[in-house]
Amino acid sequence: MGDESKGESQSQSQSQSLLNKKNCDANHDRPYDNVVQLSLSGVAALSFICLTRFMKKFGLRRFLFLDKLCDESETVRKCYMEELNRSLKILFIFVLPCFAAESIYKIWWYSSGGTQIPFLGNVIVSDIVACLLELSSWLYRTTVFFLVCVLFRLICYLQILRLRDFSQIFHIDSDVETVLREHLRIRRHLRIISHRYRRFILLGLVFVTASQFASLLMTTRSTADLHIYKSGELALCSLSLLAGLLILLRGAVRITHKAQAVTCLAAKWHVCATVDSFEAVEGETPPISQIASNQVFPVTSEGSSDADDVGDEEDEFDNTKFVHSYAYSTISFQKRQALVTYFEHNRAGITLYGFMLDRSYLHTIFGMELALVLWLLGKTVASIA
C-alpha cells in the first residue's frame with residue numbers, strides 16, 4: 001500500500017508544471033499542464049508550418065485570391081474586401097476572450113505564490129517575467145491557429161460570393177456555354193482550396209481529437225481532481241481548439257452546401273423554362289386540365305403573405321420562388337437537360353482526399369468521436385467497478 005501511494009505521488013509530481021513550487025498547496029497544483037502545453041504547441045506548430053508554406057509558395061495576394069478579383073463583378077469585389085476587413089475582428093472575437101480568461105488565471109496563479117524561481121535575483125520580478133512569457137506564448141500559439149482557420153473561412157466566403165453571382169446567370173438570357181464555363185471556373189477554385197488545406201484540416205482534426213481524448217482520459221480517472229483551479233486551463237484549451245476546428249468545418253460544409261445547391265437551382269430553371277416555352281406555344285387560352293388544376297391548387301403570387309413568412313432559411317439557391325426564365329428563346333430543351341445532368345454528376349465543394357466535406361461527412365465525424373468517448377467511458381466505468 002505504501003509503494004502504491006509513493007508511486008502515485010511521484011506520477012503526480014512529474015505531471016505538474018515545471019514552474020510549480022515543490023511544496024505548493026492544492027489550488028496551485030497543475031496536473032493537466034502537460035496536456036495543455038502539448039496540445040497548444042502541436043496545433044500551433046502545424047498552423048505555423050502550413051502558413052509559412054502558403055506564404056512562401058503562393059504569396060499573400062495569390063493565396064487570398066486577390067489577384068483574381070479583377071475578373072469578378074463589382075459586388076463580389078466590394079463584399080470580399082468588406083469581409084477581409086471584418087476577418088480581423090472575427091480573429092479578435094475568438095482570441096481576446098480566451099486570452100482574458102487565461103490572463104486572469106495566470107495573474108492569480110503567480111500573484112498568490114504559485115512559483116518560486118528567483119532566476120533574476122528578485123522573486124517579484126521573476127514572477128512578472130515568467131507570467132508575461134507564458135501569456136505571450138499562449139497568445140502566439142492560439143493566434144496562429146485561429147489565423148489559419150479565419151483565413152480558410154475568408155477564402156470560402158469568396159467562393160460563396162462567386163456562387164451568389166453565378167446564380168444570377170439563371171435569371172438572364174444566358175447560353176449553356178457561359179453557364180458551363182463559369183461553373184468550371186468555380187469548381188477549379190474549390191479544387192485549389194481543397195488541395196491547399198487538406199493536410200491542415202486532416203492533421204488539425206487528428207490533433208484536436210487526440211487532445212480531447214487525452215483530456216477525457218485524465219479527467220475521468222478515479223483520482224482526478226476537477227477543481228476550477230486545476231482543470232480550468234484545460235477546459236479553456238479544449239474550448240479554443242474546438243472553436244478553431246468548428247470554424248474550419250463550418251466553412252467547408254457551408255461552401256459545399258452552396259455549391260451543391262446549384263443543381264437544385266438549375267433543375268428549377270430548366271422546369272420553369274420548359275413551362276414557359278409550352279405556354280408560349282399554346283397561346284393565351286389555357287387548357288381545361290390547367291383550369292381544373294388551378295381550382296385544386298390555387299396559384300399565388302410571389303408577393304403574397306407566404307413570402308412574408310420566409311426568413312433567413314432561404315437564399316439565392318435554396319428558395320421556393322419561380323425562376324423568371326428567358327432561356328427558352330435561345331436554349332433548347334436538350335441543352336438545358338444536358339446542363340442539369342452535368343450538374344447532377346459533377347457536384348462541387350471542398351474535398352478531403354476525395355471525400356466531400358458535406359453534412360453527411362460531419363455526421364460521420366461526430367459518430368466516430370462519440371464512439372471514442374463511449375469506449376473510453378466504458379473502460380473507465382469498468383476499471384472503477
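The values are calculated or read from the model by the stated rules, or taken from the named source; none is laboratory data. Values in this document were obtained by computation on a predicted structure and should not be read as measured data. FYI the Cβ positions are ideal-geometry reconstructions off the backbone, even for glycines, and counts take in every protein chain you see. When the accessible area is computed, the model is the full protein with side chains, heavy atoms only, and any ligands, DNA or RNA have been set aside. Shrake-Rupley method; radii C 1.70, N 1.55, O 1.52, S 1.80 Å.
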Is it the case that Asn34 is open to solvent by less than 50 Å² (accessible area, probe 1.4 Å), closer than 30 Å to Asp127 by Cβ and either at pLDDT below 90 or within 35 Å of the chain's Cα centre (by Cα) (or both)? no
Residue list for segment 37-58, restricted to those being open to solvent by less than 70 Å² (accessible area, probe 1.4 Å), hydrophobic (A, V, I, L, M, F, W, C) and within 27 Å of Glu102 (Cβ to Cβ): Leu40, Val43, Ala44, Ala45, Leu46, Cys50, Leu51
Among the β-branched types (Val, Ile, Thr), touching a Ser or Thr at 6+ places or on another chain (Cβ under 8 Å), within 30 Å of His363 (Cα to Cα) and at pLDDT 75 or above - does that describe any residue in segment 294-311? no
Pairs needed: first member in segment 233-245, among the polar types (S, T, N, Q); second member anywhere, crowded, with 21+ Cβ neighbours inside 10 Å; C-beta distance under 6 Å; at least 6 residues apart or different chains. Ser240/Thr142
Can you tell me how many residues within segment 149-163 are aliphatic (A, V, I, L, M) and within 11 Å of the chain's Cα centre (by Cα)? 3
Search segment 328-361 for residues being under 17 Å from Arg198 (Cβ atoms) and exposed (fewer than 15 other Cβ atoms within 10 Å of the Cβ), and hand back the single one that is modelled with the lowest pLDDT. Gly354
Unique residue being modelled with pLDDT of 85 or more and of a type outside the set (Lys, Arg) when the list is Thr256, Thr274: Thr256
